[in-house]
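J.: One structure follows; several queries about it will come next.
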Amino acid sequence: MRRLMVIGIFSIFFALVSAGADDEALPGFTRESSSVEHKWEAKFREIPGPQNQREYMQRLTARPHHVGSPYDKENAEWILSKFKEWGWNAQIETFDVLFPTPKERLLEMVEPTRFTAKLQEPALSVDPTSNQQSEQLPSYNAYSTDGDVTAPLVFVNYGLPDDYEQLDRLGISVKGAIVISKYGNSWRGIKPKVAAEHGAVGCLIYSDPADDGYAAEKVFPQGPMRPPDGVQRGSVMDFPSTSPGDPLTPGVGATPDAKRLDIKDATAITKIPVLPISYGDAQPLIAALEGPMVPEKWRGGLPITYHVGPGKTKIHLKVNFNWDIKKIYDVIAKIPGVEQPDQWVIRGNHHDAWVNGAEDPTSAQVALLEEARALGELVKQGWHPKRTIIYCAWDGEEPMLLGSTEWVEAHDKDLLQHAVVYINSDGNGRGYLGMGGSHTLERFMNDVARDIPDPETKTSVWQRLNRFAISDAKNDDDRKEARQRADLRMDPLGSGSDYTAFVDHLGIASLNVGYGGEDDGGIYHSIYDDFYYYTHFSDTDFAYGKTLSQTLGSAMMRVADADLLPFEFTDLADTIHLYQKQVKKLADDERNKIIERNKELEEGVYAATNDPRRPRVAPKREDVPPYLNFAPLDNVADALTLSADRYQTALKKAWPAGVPAATLQVINQKLMDSERRLTSQEGLLRRPWYKNMIYAPGVYSGYGAKTLPGVREAIEQKKWAEADSEIVRVAATLENEVALINAAAGEFEHPGH
């Protein structure tokens, strides 16, 4: 009875919140259309059911379903059948892509002692699907090159450029060596990329228990963390320097008639062989290393002394692959819009996995399916979206966004003309709302989050995230912003999921949303990411699965039904000012660091503090960089703020009474184009597929976003002349955005002119 009382109070609270919300029109809606929207959204949120999501997950994760597997195709066909059952117009689109799988894997230590790595994740008696070994992909890194190398071993921490600077100080070269790197602190494909740039001939990547094992919590199956023999599979395609998608058809859809590169010409494939291993297999290799002690911050959680190497330790690494073309299956389902059918609101999540894939991606795929079922129910009850809604279950995401990228490239012209937004998810768990995306959608997503109940705290998911931001603030400024800024900041999007081609390549405003933070585990990309794990250690009752359905289904409905599209520019302007300050500080910090280092060299600081028993090499003197001319960026950032304020003022005065239908149509088209204006046809330097000038995946961070990437990465790479020219290019892009915002404001100020 007590539980029923709590639920009753909770329902009354949100009914009151909804009633209050009805009194004030939703942004982009008239008072009348807002009232209608609230009622339909309330009906929608009652429909998704946790038990349905549990059943979908059990079905989809029953067998391994990587690209090219029978169950991958079977899952796509099952998802298609469900969409059709729920009344959607659905079909499967296929693409033919390069997907290598292991033919031979060997790792052994040949000196100073013999050791052969197991390279095998064992089945566990309590975990029913972990024994499906004949169907499981072995642990490997997709798009590693073939290789057979024997060489000394060197430990390189996380294998990032800064780590190699530390190795230089220790007098250690990796030229001609095999490196062993910890997973973490960047995307995995950066590690072999940087290793090859420094002359290494092979790369091993392992999950250290300090980051992903017993240091955090008990290991699976007693707890959620990675066990000693667990391995993280994953792609190492060099997509940040080229593009995601099929490496043989860059920039075009991988249809049967597409012209394909020879594999030898596919620049996205690594230059050296790569293999992921467990920390159980890594421990004997690292324990055998000699040479200098690693820096203190490099030490992991293994019960050994960490040395850099190489010493006498010599490793034999051999990997060979089947370089096959496989068919992938994208499920595309539509509900036609009744007023603006040529405007598309798109939602996606991938269905393929490295093995059984309960958490990644099925936890969010089942939420998407319940959204689709619920929207189908609403259509039966008489609801019809103004704009066309498209739901996509992507294939081939794990190898490197194959299904979504090929679909976007195949339909690029239609998407540029018709796409309003793309909303993505890629896994879900228990905890806090996580939201990233285009800053023109920041206020919109904050508004949606204020309307969604959190299943644990009985507040809104927005309020819970806001309180977390206060408690987790790193300094007083962050805490003050969390308390005073109207909207919580959204993370910028880099890459790592299916929004990439939409936002980075075509400039379609995008969101990436999911819940988590309270049930983090260490089964990522292993055979243990399965139904047993998820229902014992993650969102076990699928309460947050239901919440994700409510969140993103509501967002889809709100965009699809809005009279005025919910793009807003004051948060964008505020964030551009933040990025502007960050790159200016980065330039100052780099300049000051070089000045200080040169001064210490002149003073003999490095020579005087060198320990002869642990010698370090002094850094090289560098030329002091010039001051950069940030004036174009400063000026346009201020202009952007003025245009955003002008738009808001004009909107408040004119909306909704003074806006004729024809004018509204013109404004909505401009709003659709607002993210496109942040792109450049020429794209980023040396990687033209990436056209968004405001955010992109980093060349040396991978998934992690680089904001104002042309400027920021030029500074990081000490290309000072290039940084100056990129400031001008970014400013020109933002000037185009300012012109569009002013034009939209002008339509409100002088409707029908």
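J.: Any idea how many residues of the stretch 20-74 are over 23 Å from residue 552 (Cα atoms), open to solvent by less than 10 Å² (accessible area, probe 1.4 Å) and either in a helix (DSSP H, G or I) or aromatic (Phe, Trp, Tyr) (or both)?
T.: Of the residues in the stretch 20-74, 1 are over 23 Å from residue 552 (Cα atoms), open to solvent by less than 10 Å² (accessible area, probe 1.4 Å) and either in a helix (DSSP H, G or I) or aromatic (Phe, Trp, Tyr) (or both).
J.: Kindly establish whether residue 406 is within 23 Å of residue 325 (Cα to Cα) and open to solvent by 10 Å² or more (accessible area, probe 1.4 Å).
T.: No.
J.: A further question follows. If you check residue 342 against the conditions, is it over 30 Å from residue 523 (Cα atoms) and either outside any loop (DSSP other than H, G, I, E, B) or open to solvent by less than 10 Å² (accessible area, probe 1.4 Å) (or both)?
T.: Spelling it out, residue 342 is indeed over 30 Å from residue 523 (Cα atoms) and either outside any loop (DSSP other than H, G, I, E, B) or open to solvent by less than 10 Å² (accessible area, probe 1.4 Å) (or both).
J.: Moving on to the next point. If you go through the stretch 711-731 one residue at a time, how many are free of Cβ contacts under 8 Å to residues at least 40 places away in the same chain and either open to solvent by 10 Å² or more (accessible area, probe 1.4 Å) or part of a loop (DSSP other than H, G, I, E, B) (or both)?
T.: Total satisfying the criteria: 6.
J.: Here is a further query. If I filter the stretch 470-500 down to residues being in a loop (DSSP other than H, G, I, E, B) and of a type in the set (Lys, Arg), which single residue comes out as least open to solvent (accessible area, probe 1.4 Å)?
T.: Top of the filtered list is 485.
J.: So residue 153 ticks every box in (1) crowded, with 24+ Cβ neighbours inside 10 Å; (2) in a helix (DSSP H, G or I) but one. Which box is left unticked?
T.: All conditions are met except number (2).
J.: Now for a different question. Kindly establish whether residue 281 is among the acidic types (Asp, Glu), closer than 26 Å to residue 121 by Cβ and in contact (Cβ under 8 Å) with a residue 60 or more places away in the chain.
T.: yes
J.: I want to confirm something. Restricting to the stretch 438-469 and keeping residues that are part of a helix (DSSP H, G or I) and among the small types (Gly, Ala, Ser), which single residue is nearest to residue 556 (Cα to Cα)?
T.: Checking each candidate, the answer is 449.
J.: Here is a further query. Hey, among 629, 635, which residue is open to solvent by 30 Å² or more (accessible area, probe 1.4 Å), outside any helix (DSSP H, G or I), modelled with pLDDT of 95 or more and closer than 22 Å to residue 573 by Cβ?
T.: One residue alone meets the criteria, 629.
J.: Determine which single condition residue 374 fails, assuming it passes every other condition in (1) part of a helix (DSSP H, G or I); (2) surrounded by 24 or more Cβ atoms within 10 Å (Cβ to Cβ); (3) in contact with a helix residue (DSSP H, G or I) (Cβ under 9 Å, 6 or more places away or on another chain).
T.: All conditions pass for residue 374, except number (2).
J.: Being within 27 Å of residue 207 (Cα to Cα), outside any helix (DSSP H, G or I) and either open to solvent by less than 10 Å² (accessible area, probe 1.4 Å) or in contact with a strand residue (DSSP E or B) (Cβ under 8 Å, 6 or more places away or on another chain) (or both), is that true of even one residue in the stretch 251-269?
T.: Within the stretch 251-269, one or more residues are within 27 Å of residue 207 (Cα to Cα), outside any helix (DSSP H, G or I) and either open to solvent by less than 10 Å² (accessible area, probe 1.4 Å) or in contact with a strand residue (DSSP E or B) (Cβ under 8 Å, 6 or more places away or on another chain) (or both).
J.: Which of (1) within 30 Å of residue 312 (Cβ to Cβ); (2) assigned to a strand (DSSP E or B); (3) open to solvent by less than 30 Å² (accessible area, probe 1.4 Å) is the odd one out, the single condition residue 119 does not satisfy?
T.: Only one criterion in (1) within 30 Å of residue 312 (Cβ to Cβ); (2) assigned to a strand (DSSP E or B); (3) open to solvent by less than 30 Å² (accessible area, probe 1.4 Å) is unmet by residue 119, namely (2).
The values are calculated or read from the model by the stated rules, or taken from the named source; none is laboratory data. Nothing here was measured: the structure is a model prediction, and the numbers come from that model. In this analysis, Cβ positions are derived from the backbone assuming ideal geometry, glycine residues included, and neighbour counts consider all displayed protein chains. Just so you know, the surface numbers come from the protein's heavy atoms only, side chains and all, with ligands and any DNA or RNA stripped out. Shrake-Rupley method; radii C 1.70, N 1.55, O 1.52, S 1.80 Å.
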